1. May I ask you to list the residues in the range 248-260 that are surrounded by fewer than 22 Cβ atoms within 10 Å (Cβ to Cβ) and part of a helix (DSSP H, G or I)?
2. Got a sec? Which of 298, 260 is on the phi < 0 side of the Ramachandran plot and at pLDDT below 95?
3. Considering each residue of the range 155-206, count those that are closer than 22 Å to residue 126 by Cβ and part of a helix (DSSP H, G or I), and give that number.
4. Among the candidates 348, 295, which residue alone is assigned to a helix (DSSP H, G or I) and over 21 Å from residue 117 (Cα atoms)?
5. Of the residues 185, 90, 141, which single one is within 25 Å of the chain's Cα centre (by Cα) and either over 30 Å from residue 259 (Cα atoms) or touching a residue at least 60 places away in the same chain (Cβ under 8 Å) (or both)?
6. Residues of the range 1-57 being farther than 30 Å from residue 98 by Cβ, touching a residue at least 40 places away in the same chain (Cβ under 8 Å) and surrounded by fewer than 18 Cβ atoms within 10 Å (Cβ to Cβ), which ones?
7. Please indicate, with yes or no, whether at least one residue in the range 51-58 is closer than 20 Å to residue 195 by Cβ, more than 26 Å from the chain's Cα centre (by Cα) and part of a helix (DSSP H, G or I).
């Protein structure tokens with residue numbers, strides 16, 4: 001049993017996405033957190049803030065470090081986040097002589113936000129590849145069937161004749177904009193989070209920017225103009241992009257569901273949608289799924305805009321809200337693209353002329 005449809009025992013067969021969900025597993029998060037701490041230690045050693053032996057000890061320990069998950073859970077219940085107890089355990093594993101140098105000058109949000117960015121990077125690649133594949137599939141559909149005559153409908157009523165190339169062109173137009181939006185967004189999103197307790201890197205004096213640059217270089221991330229502990233606009237922008245993508249796919253799904261109605265029969269969606277009571281029916285399940293996911297993300301994006309409202313230099317409440325919303329939006333978008341591709345594979349355009 002599950003409280004989420006995305007990993008439900010059977011609903012996940014329709015609404016789950018193992019490839020993208022993998023980026024939000026505890027294993028992926030802990031691995032990215034360790035990657036941050038090792039890169040931080042190496043950057044600090046490079047600039048003389050900790051001994052090189054300490055950095056090497058931290059890196060060596062990270063290779064086999066397995067935290068006590070029950071203790072981490074207890075720590076989250078107590079502290080509201082996993083990092084304090086996780087750092088405690090990592091310091092103990094590194095040992096008394098070097099453990100004190102773990103997490104030097106950093107703060108919990110640096111670890112968790114950078115961990116998120118590191119895990120979003122492969123997710124962006126997956127989403128971009130699927131979006132490109134979906135657009136290419138539509139282009140092929142237009143090339144193969146674009147000359148077939150169709151009836152345009154405005155406000156659900158017959159309007160004037162068009163071709164399927166006209167209809168598919170309207171479907172594809174926002175996809176090209178989404179592809180460009182993602183490329184424009186990446187440099188703002190794929191950045192390190194490193195500000196220390198209040199975003200000023202006060203522990204490093206005037207060398208703070210140098211430490212941030214060395215850390216970012218080791219993680220292959222960019223350095224933002226300032227720490228974004230309480231400035232979450234880029235994550236909200238990303239959430240908006242996710243909702244735009246699923247919205248565009250939802251529009252296509254809605255169109256196909258309407259065009260597949262028996263009374264219209266402009267298209268047939270093959271291979272799925274059996275009814276338990278009416279065996280003559282073939283429900284447009286994949287098309288409906290795109291509509292559902294569009295509406296889901298449109299609902300969640302409002303929450304991500306609520307999460308923009310932080311108090312002073314950091315908010316626990318707004319930050320926690322992001323944890324609840326953004327992973328599901330990423331997975332929902334991946335599912336929509338995957339199911340959209342399956343829908344196009346199952347789509348048959350009926351030439352009734």
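1. Hits for the range 248-260 are 251, 254, 255, 257, 258.
2. When all the criteria are applied, what remains is 260.
3. 18
4. Exactly one of 348, 295 is assigned to a helix (DSSP H, G or I) and over 21 Å from residue 117 (Cα atoms), namely 295.
5. Within the list 185, 90, 141, the selection yields 185.
6. Within the range 1-57, 4, 14, 19 qualify.
7. No, every residue in the range 51-58 fails to be closer than 20 Å to residue 195 by Cβ, more than 26 Å from the chain's Cα centre (by Cα) and part of a helix (DSSP H, G or I).
Yes/no per residue for (1) closer than 20 Å to residue 251 by Cβ; (2) crowded, with 18+ Cβ neighbours inside 10 Å; (3) touching a helix residue (DSSP H, G or I) at 6+ places or on another chain (Cβ under 7 Å):
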| site | (1), (2), (3) |
| --- | --- |
| 316 | no, no, no |
| 329 | yes, yes, yes |
| 332 | yes, yes, yes |
| 342 | yes, no, yes |
| 346 | yes, yes, yes |
| 350 | no, no, no |
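The values are calculated or read from the model by the stated rules, or taken from the named source; none is laboratory data. Only a predicted model underlies this, so the values are computations on that prediction, with no experimental measurement involved. All Cβ positions, even for glycine, are placed from backbone atoms using ideal geometry, and neighbour counts span all protein chains on display.
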